[in-house]
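> Just dropping this structure here.
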Amino acid sequence: MSTAAVTPSPAVIPTVSQALTLANVLYRKQGAIAYLTVNRPNVLNALNAATWAALEAAFKNAQNDSDVRGVILTGVGDKAFIAGADIGELAQATAIDAERSSRSGQQILDLIEHLGKPVIAAINGFALGGGCETAMACTIRIAVEHAKFGQPEVKLGLLPGGGGTQRLPRLVGKGRALQLILSGGLISAQEAYRIGLVNEVVPAADLITRAESILNEIAANAPIAVKYALDAVNNGMETSQNEGLALEASYFGLCAGTEDEKEGTSAFLEKRPPHFAGR
């Protein structure tokens, strides 16, 4: 339910032109969207070492592909997004194994959070432990009505190891985060929406369509501006407000020097749609 307890072996990162064949993760592109689907339905898409490595490879591929403007991450089936860690691996881990695995999982989730492109978690069922932590690393979270969320690691004698103790308080506040982490209890999609853990709750039939709609809306904007806005928010959250404001001004200046800024302002003044080139 936290990160997998065996350090993932190094993954071979395919180049953008190569087809991706990955253990336990389906990867496809359609238009400007990359679709990543965790594919272990027999264990509710639980995260083992091979799955962590495949997620890293898939996200690096999407990051390096200039045609990809956003990513949708989901799980196979209608029961689980990611139900947590592979308990079989977890039970065999030594203390050293577990710490290494925690750091490895944290680094992969940092990659997702700082991808430079929006990532939507399309949460189609259980998002527990490492699954909830994976969703929290995404830019936006959309959940189906029957989804469940939780950090139940304390029920296994552990604590969240994939960033749950850090991202959850930042999203929902310290008190609510501690209640979820210390009780190990589950909450509904509706409660997750109420406390700010998810952005929207939608019928299951609309999940991917809604995620696509959000990404298409973002993709209509200047890609450099989108990247810098993501960086300003993510990096600014780790600083004081004054430091964050200085960072914002720096990114604002960088955007002002791009061809896209000239195109965007010209299009506005000429009352026409802009045509951004990502330069």
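> Take the conditions buried (at least 24 other Cβ atoms within 10 Å of the Cβ) and closer than 28 Å to Asn221 by Cβ and apply them to Phe59. Does it pass?
So Phe59 fits the description; yes.
> Give me the pairs, please: first residue somewhere in region 226-254 and more than 21 Å from Ala277 (Cα to Cα), second residue anywhere and among the acidic types (Asp, Glu) and not in a helix (DSSP H, G or I), beta-carbon distance under 9 Å, and either six or more positions apart or on two chains.
Taking only residues 6 or more apart or on different chains, the pairs are Gly244/Glu238.
> If you don't mind, another one. Specify which of the listed residues (Leu178, Leu128) is in contact with a strand residue (DSSP E or B) (Cβ under 6 Å, 6 or more places away or on another chain) and aliphatic (A, V, I, L, M). If you could, list the steps in order and put the result at the bottom.
Values: Leu178 fails: in contact with a strand residue (DSSP E or B) (Cβ under 6 Å, 6 or more places away or on another chain).
The conditions single out Leu128.
> With the structure loaded, tell me whether Ile72 is modelled with pLDDT of 95 or more and either closer than 15 Å to Gly130 by Cβ or assigned by TED's automatic domain parsing to the domain that holds Gly116 (or both) or whether it fails that test. Even if it seems obvious, please write down each step before you answer.
Numbers: modelled with pLDDT of 95 or more: yes; either closer than 15 Å to Gly130 by Cβ or assigned by TED's automatic domain parsing to the domain that holds Gly116 (or both): yes.
So Ile72 fits the description; yes.
> May I ask you to list the residues in region 68-114 that are outside any helix (DSSP H, G or I), farther than 24 Å from Asn42 by Cα and under 19 Å from the mean Cα position of the chain (by Cα)? Can you show your working first?
Our first condition is that a residue be outside any helix (DSSP H, G or I); within region 68-114, this holds for 68-86, 92-94, 114.
Narrowing further to those that are farther than 24 Å from Asn42 by Cα: 68-71, 94, 114.
Correct list: Val68, Arg69, Gly70, Val71, His114.
> For residues in region 134-154 being closer than 20 Å to Ala91 by Cα and in contact (Cβ under 8 Å) with a residue 60 or more places away in the chain, which is surrounded by the most Cβ atoms within 10 Å (Cβ to Cβ)?
Step by step, filter region 134-154, then rank; the result is Gln151.
> Something else about it: Regarding region 104-114, can at least one residue be identified that is among the hydroxyl-bearing types (Ser, Thr, Tyr) and modelled with pLDDT under 95? Before you say what the answer is, go through the steps one by one.
Of region 104-114, the ones among the hydroxyl-bearing types (Ser, Thr, Tyr) are 104.
After this cut, where a residue has to be modelled with pLDDT under 95 as well, the list is 104.
Scanning region 104-114, I find at least one residue that is among the hydroxyl-bearing types (Ser, Thr, Tyr) and modelled with pLDDT under 95, so the answer is yes.
> Can I ask one more? Between Leu197, Leu168, Leu180, Leu159, which is buried (at least 18 other Cβ atoms within 10 Å of the Cβ), in a loop (DSSP other than H, G, I, E, B) and either outside the structural domain of Phe81 (by TED's automatic domain parsing) or aliphatic (A, V, I, L, M) (or both)?
Details: Leu168 fails: in a loop (DSSP other than H, G, I, E, B); Leu180 fails: in a loop (DSSP other than H, G, I, E, B); Leu159 fails: buried (at least 18 other Cβ atoms within 10 Å of the Cβ).
Selected residue: Leu197, the only one of Leu197, Leu168, Leu180, Leu159 that is buried (at least 18 other Cβ atoms within 10 Å of the Cβ), in a loop (DSSP other than H, G, I, E, B) and either outside the structural domain of Phe81 (by TED's automatic domain parsing) or aliphatic (A, V, I, L, M) (or both).
> Let me ask something else. Residues to consider are Glu217, Glu238; find the one that is of a type in the set (Asp, Glu) and part of a helix (DSSP H, G or I). Write out each step before concluding.
Working: Glu238 fails: part of a helix (DSSP H, G or I).
From the options Glu217, Glu238, the qualifying one is Glu217.
> With the condition kept exactly as written, say whether any residue in region 18-30 is of a type in the set (Gly, Ala, Ser), in a loop (DSSP other than H, G, I, E, B) and either at pLDDT 95 or above or at positive phi (or both). Give the derivation first.
Step one: list which residues in region 18-30 are of a type in the set (Gly, Ala, Ser), which gives 19, 23.
From the residues that got through so far, the ones that are in a loop (DSSP other than H, G, I, E, B) too are 19, 23.
Filter once more, so that each one left must be either at pLDDT 95 or above or at positive phi (or both): none.
No.
> Residue by residue through region 183-194, note down the ones that are among the aliphatic types (A, V, I, L, M), touching a residue at least 40 places away in the same chain (Cβ under 8 Å) and in a strand (DSSP E or B).
Hit for region 183-194 is Leu186, nothing else.
> May I ask you to say which residue of Ala249, Ala256, Ala232, Ala222 is more than 20 Å from Met136 (Cβ to Cβ), buried (at least 18 other Cβ atoms within 10 Å of the Cβ) and among the small types (Gly, Ala, Ser)? It would help to see each step written out before you state the result.
Values: Ala249 fails: buried (at least 18 other Cβ atoms within 10 Å of the Cβ); Ala256 fails: buried (at least 18 other Cβ atoms within 10 Å of the Cβ); Ala232 fails: more than 20 Å from Met136 (Cβ to Cβ).
Step by step, each of Ala249, Ala256, Ala232, Ala222 is checked, and only Ala222 is more than 20 Å from Met136 (Cβ to Cβ), buried (at least 18 other Cβ atoms within 10 Å of the Cβ) and among the small types (Gly, Ala, Ser).
The values are calculated or read from the model by the stated rules, or taken from the named source; none is laboratory data. Note that the coordinates shown come from a computational prediction; the quantities given were computed from them, not determined experimentally. All Cβ positions, glycine included, derive from the backbone under ideal geometry; neighbour counts span all protein chains shown.
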